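What follows is a short report on a single structure.
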Amino acid sequence: MDSKLKALIGVTLGAALATLQAPAAAQAAWPDKPVTLVVPYSAGGPTDVVARMLALPMGKSLGQTVIVENTVGAGGTIAPARVARAAPNGYTILIHHMGMATAPALYKKLPYDPLKDFEYVGQVLDVPMTLLSRKDFPANNFQELLAYVKTHKDKVSLANAGVGAVSQLCGLLFTSQIGVALTTVPYKGAGPALNDLMGGQVDLLCDQTTQTAPVIKEGNRVKVFGVTTPQRLSSLPNIPTLDEQGLKGFDVRVWHGVYAPKGTPPAVVDKINAALRVALQDPVVKQRLADLSSEIVPMDKVTPEALRTHLTAEVAKWGKVIRAAGIQGE
């Protein structure tokens, strides 16, 4: 073979190999700058609390800062839409609760598809909820609460974190089971809703223990009427379940997952997953979540496949509930 031809072939092969190796090298170096963890709800709210717990140990594992960024609005749909449009390089990721499953039924023109527009990193934890009132609410136990709301009906206000928020769904399940329509008061996040409850501006709120447990333990800022899980919580053992107090089958637990934009390289998704697993096994995180009555999912659920399967089932489940209730987001 002619020496010039050999040289040309060598240059061509070298260039081709360099092209193939460049993405692999880039992925191997990932991350080389901070990673943004997007939260769909306000600072101080339950999902924000979880995100900030995870950010530090995830950052240590990745060797880069994980920045928590609150992108609020439209019932928690602006943040997923933003992440779905982000560059698929792992530097913009999402933590979201079961709102990822309820959004398709709530919004006719959802700007993303939870089942098509994301790579799945893994499930995170399940969070129980509690039914609370302002501290000076006339009722002192659940039976008194039922009697009061059945007498005063829409004069009683029920706060929530906005259309499609889990606090709204919990409130919807509560009012449907007691057969009474209350006056709902939507907020832009669970944090502001709880603040107004403690301030006496609204009567009732169903909210996640990541936000309510510290307030409940203070003992003098709210009244608590029950937890939303079938079993009592080890961190709040004296609070009865709504199920045991007569609302048979009442069970609302808020699950969370981590997502990346569709097309994020598998090697990058694997690194995010590994950092998430490290964070969930961090002793400080485990203790803080236990104090908030939250349950870290088993490690076999902290996988892309498990999150994909769970989300698919939840989209089908909540779609039926929401359509039957006639709820529609704006």
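Couple of notes before you dig in:
- Nearest-20 debye value, region 142-209 charge dipole, Cβ charges on Lys, Arg, Asp, Glu: 140
- Normalising the average separation of contacting C-alpha pairs (under 8 angstrom, six or more residues apart) by the number of residues puts the relative contact order of the chain at 27 percent.
- Shape of region 24-105, Cα gyration tensor, a/c cut at 1.5: oblate
- Whole-number accessible area per residue in Å² for the chain, which is evaluated in the context of all protein chains at 1.4 Å: 44
- Gyration tensor (alpha-carbon) shape descriptor, the chain, a/c threshold 1.5: prolate
- The ratio of the alpha-carbon radius of gyration of region 242-330 to the globular-protein estimate 2.2 N^0.38 Å is 1.39.
- Helix axis angle, 266-280 relative to the chain longest principal axis, alpha carbon, degrees: 40
- Dipole of the chain [Lys/Arg +1, Asp/Glu -1 at C-beta], most positive-end residue of Ala74, Leu54, Val215: Ala74
- Our summary of shape: the Cα atoms of region 81-220 have principal axis extents of 53, 34, 22 Å, ordered from largest down, in whole angstrom.
- The magnitude of the dipole of the chain, with charges of +1 and -1 set on the Cβ of Lys/Arg and Asp/Glu and taken from the Cα centre, is near 380 debye.
- All lysines inside 24 Å of Lys286 as judged from Cα atoms, apart from same-chain residues fewer than 8 positions distant: Lys60, Lys217, Lys271, Lys301
- Its Cα gyration tensor gives region 190-233 an equivalent ellipsoid; the semi-axes, largest first and in whole Å, are 18, 11, 10.
- Each of Gly164, Tyr112, Ser235 was scored by the projection of its Cα onto the charge dipole of the chain, and the greatest displacement toward the positive side belongs to Tyr112; charges sit on the C-beta of Lys, Arg, Asp and Glu.
- Share of carbon and sulfur in the accessible area of the chain stands at 56%, probe radius 1.4 Å.
- Approximating the spin labels as points 7 Å out from Cα along Cα→Cβ, the Ile67-to-Ile178 distance works out to 4.4 nm.
- Spatially proximal lysines relative to Lys153 (Cα-Cα < 26 Å; intrachain offsets below 8 disregarded): Lys135, Lys188, Lys223, Lys248
- The DSSP beta bridges internal to the chain are antiparallel in roughly 60% of cases.
- Principal-axis tilt of helix 142-152 within the chain, Cα atoms, nearest 10 degrees: 80
The values are calculated or read from the model by the stated rules, or taken from the named source; none is laboratory data. Just so it is clear, the structure is predicted and the values come from calculations on it, not from any experiment. Note: ideal-geometry Cβ built from the backbone for every residue, glycine included; neighbour counts use all protein chains shown. Each accessible area value is taken on the protein alone, full model and side chains, heavy atoms only, with ligands, DNA and RNA left out. Shrake-Rupley method; radii C 1.70, N 1.55, O 1.52, S 1.80 Å.
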